[in-house]
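Note sheet for the following structure.
Just so it is clear, none of the values below were taken in a lab; they were calculated from the coordinates. Please read all numbers here as calculations on a predicted model, not as lab measurements. Cβ placement follows ideal geometry from the backbone for every residue including glycine, while neighbour counts extend to all protein chains displayed.
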Amino acid sequence: MVNPNVQGKSYPETAVYLVGREKIREFAKAVFSNNPVNHDVFAAQAAGYTDLVAPPTFPVVIQEQSLQQALADKEADIDFSRVVHGDQRFITNRPIVAGDELTSVLTVASVKSLGAHSMVTFNTEIFDKEKSLVCTAISTLVVRGEE
């Protein structure tokens, strides 16, 4: 059972993640995006961007860094071997582009018990180097209880 006392807990800002062109292209390929702004710098620039544009779900890559902090937190007591991904949402303030230097801060938004199971929702705010909010990634994990 996940410790309900971690609700409201925030974790330290992550190290800077430099968004690279090849990472965007790899992610775009993995999610079957054929959008030229995800693959071709000239297409992205013609569309008004400074460089390649990451697909809308790319923030999950950044969120993963901060999520690792919560999963490693002994106080939270989250057994990752029992985790099922329940929900993922993004509130985007602006697209992520190659060259962005991003950090994130994760907060445990809620911990709910559902019988022997726990449902944990995390809000991860992703910031650029000017500390402007780029995106909020909201992820809910279901931690299955012991049989």
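Counting lysine pairs in the chain whose alpha carbons fall under 30 angstrom apart, excluding pairs fewer than 8 residues apart on the same chain, gives 10.
For the pair residue 75 and residue 22, a Förster radius of 30 Å applied to the C-beta separation gives a FRET efficiency near 0.20, rounded to the nearest 0.05. Overall, the chain carries a charge dipole of about 240 debye about its Cα centre when +1 sits on the Cβ of Lys and Arg and -1 on the Cβ of Asp and Glu, all other atoms neutral. Spin-label model, residue 144 to residue 45: label points 7 Å out along the Cα-to-beta-carbon direction sit 5.1 nm apart. If you take the Cα centroid of segment 103-147 and the Cα centroid of segment 3-50, the two points sit 18 Å apart. Phi-derived couplings, Karplus 6.51 cos²θ - 1.76 cosθ + 1.60 at θ = phi - 60°, listed residue by residue for segment 2-19: 5, 5, x, 5, 7, 4, x, 6, 10, 10, x, 4, 6, 5, 5, 10, 8, 6 Hz, with x used for Gly and Pro. Between amide H atoms placed 1.01 Å from N, distances below 5 Å from residue 134 occur with 126, 127, 128, all of them 5 or more places distant or on a separate chain. Along segment 47-53 the Karplus relation, 6.51 cos²θ - 1.76 cosθ + 1.60 evaluated at θ = phi - 60°, assigns HN-Hα couplings of 8, x, 9, 7, 7, 4, 9 Hz to successive residues, with x for each Gly and Pro. How large is ³J(HN,Hα) for each residue in segment 114-129, as worked out from phi by the Karplus curve 6.51 cos²θ - 1.76 cosθ + 1.60 (θ = phi - 60°), to whole Hz, x for Gly and Pro? Running phi through 6.51 cos²θ - 1.76 cosθ + 1.60 with θ = phi - 60° gives 10, x, 7, 9, 10, 10, 10, 10, 10, 10, 10, 8, 10, 10, 8, 5 Hz.
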